[in-house]
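Inspection log for the structure reproduced underneath, given as structure tokens.
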Amino acid sequence: MKQGVRAMPILPASDLAAAVAFYTAKLGFELAGQWKNDDGTPNFAIVQLGGVTLGLAASDRVGSGDDWAAYVYVEDIDAFTDQILGRGVKVLRGPEDSFYHCKELETADPHGNRLCFAQDLKPGADGPGL
């Protein structure tokens, strides 16, 4: 049996509709599914970008603040940067090279979850491990 097949971080969202709109319209994720409470209010959504899956849960819990809620690898960070800047996303840091051979860009979603998108500049045994 194969273990550790994939992961799905669950990020809090005080306004689930705004979070879904940000991840899909601004960051380029696709909405894979959305669930509602008995009263019809949305309570959970799943968004995907390539092989990356994130869960968005309706919550009043505080966002990640200065800590990363998710670290997402992309193939071309410069193209991704141009794409999200063109959609009005505010970049908090980057893109810039790290000492561990990744070129990174940081942003935050509407709830304050800090996201880092990165390109692995040295894939393989000498890179960041992925």
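The values are calculated or read from the model by the stated rules, or taken from the named source; none is laboratory data. Since the model is a prediction, treat every value here as computed from it, not as a measurement. Note: areas computed on protein heavy atoms with side chains; ligands, DNA, RNA excluded. Shrake-Rupley method; radii C 1.70, N 1.55, O 1.52, S 1.80 Å.
Worth a mention:
- Principal-axis tilt of helix 77-86 within the chain, Cα atoms, nearest 10 degrees: 40
- Residue among ALA118, ALA25, ALA57 with the largest mean-square fluctuation in a Gaussian network model of the chain, springs linking Cα atoms under 10 Å: ALA25
- Going by accessible surface with a 1.4 Å probe and the largest first, GLU96, GLU30, GLU104 read GLU30, GLU96, GLU104.
- Note on ARG87: accessible area is roughly 90 Å² with a 1.4 Å probe, heavy atoms of protein only.
- Of the solvent-accessible surface of the chain, computed with a 1.4 Å probe and all protein chains present, 51% belongs to carbon and sulfur.
- Reported label for calculated Cα extents along the principal axes in Å given [x] 51, 44, 24; [y] 71, 29, 27; [z] 69, 33, 22: [x]
- Pairs of Cα atoms nearer than 8 Å and 6+ residues apart set the relative contact order; for region 1-58 it is 39 percent.
- Accessible area per residue in Å² at 1.4 Å probe, computed on the chain: 58
- The chain: calculated mean residue ellipticity at 222 nm from DSSP helix runs of at least 4, using -39500 (n - 2.57): -3500 deg cm²/dmol
- Largest to smallest in accessible area, the residues HIS101, HIS111 fall in the order HIS101, HIS111 (1.4 Å probe, all protein chains included).
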